[in-house]
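Student: The structure's right below; bear with me while I get my questions together.
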Amino acid sequence: MRYFRRFIDPRNQYRRWIDPRVRTLRVADITAYLLRRNWKPMPPDRPGVLVFQEPPDLSTGEDSCYAFVPEVESGSDYPLRIFELLTGIAEVEDRQASEVIDDILRPSPVAEPNGAAKGETRESQARPDGTTAR
């Protein structure tokens, strides 16, 4: 008797492991997420990427590392670069990459032009003295 193992093309090796939403992530959403999580934008050291410094971990005293976000989504290696980026973010945040994707895709509160949160009117905002504007 001979047993044959299924051959999986190395280009597809992780396809079933990787959340397919990785391909739907947009640069603007990723950078907004990083900024919300206190990653600091840095001057790029190479063309085609945005650079972000991870938040400092004061408990370890280690130097911060950097994340590289592709500037454009049309590159043939975009899904691979986003996979690498999300893996690094998940490691820094000590959680699953799928949770990071959830947060990136979750709509964030958008401020209205008057500075009020969406759905809040200017009249319902509290004044600095603690009273409510009417």
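Student: Which residues, counting only those in the stretch 17-64, are among the hydroxyl-bearing types (Ser, Thr, Tyr), closer than 18 Å to Glu93 by Cβ and in contact (Cβ under 8 Å) with a residue 40 or more places away in the chain?
Tutor: Tyr33
Student: Something else about it: Could you list, in sequence order, all residues of the stretch 19-34 that are closer than 13 Å to Leu85 by Cα and in a loop (DSSP other than H, G, I, E, B)?
Tutor: Correct list: Leu25, Arg26.
Student: Any idea how many residues of the stretch 90-107 are closer than 22 Å to Val51 by Cβ, at pLDDT below 95 and in contact with a helix residue (DSSP H, G or I) (Cβ under 8 Å, 6 or more places away or on another chain)?
Tutor: Residues meeting the conditions: 3.
Student: Under 6 Å between Cβ atoms, which residue pairs at least 6 apart in sequence (or on different chains) link something in the stretch 67-88 that is loosely packed, with under 15 Cβ neighbours inside 10 Å and hydroxyl-bearing (Ser, Thr, Tyr) with a partner that is outside any loop (DSSP other than H, G, I, E, B) and modelled with pLDDT of 95 or more?
Tutor: Nothing qualifies.
Student: Continuing with the same structure: Looking only at the stretch 37-63, which residues are out of contact with any Ser or Thr (no Cβ under 8 Å at 6 or more places or on another chain), surrounded by 13 or more Cβ atoms within 10 Å (Cβ to Cβ) and part of a loop (DSSP other than H, G, I, E, B)?
Tutor: Within the stretch 37-63, Arg37, Trp39, Pro44 meet the criteria.
Student: Same structure, new question: Give me the residue from the stretch 11-61 that is among the hydroxyl-bearing types (Ser, Thr, Tyr) and modelled with pLDDT under 95 and, out of that set, nearest to Glu99 (Cα to Cα).
Tutor: Applying the filter and picking the extreme gives Thr24.
Student: Consider Glu123 against the criteria (1) at pLDDT 90 or above; (2) loosely packed, with under 15 Cβ neighbours inside 10 Å: it satisfies all of them except one. Which criterion is unmet?
Tutor: (1)
The values are calculated or read from the model by the stated rules, or taken from the named source; none is laboratory data. Computed from a predicted structure; not experimentally measured. For neighbour counting, all protein chains shown are included, and Cβ atoms are generated from backbone atoms with ideal geometry for every residue, glycine included.
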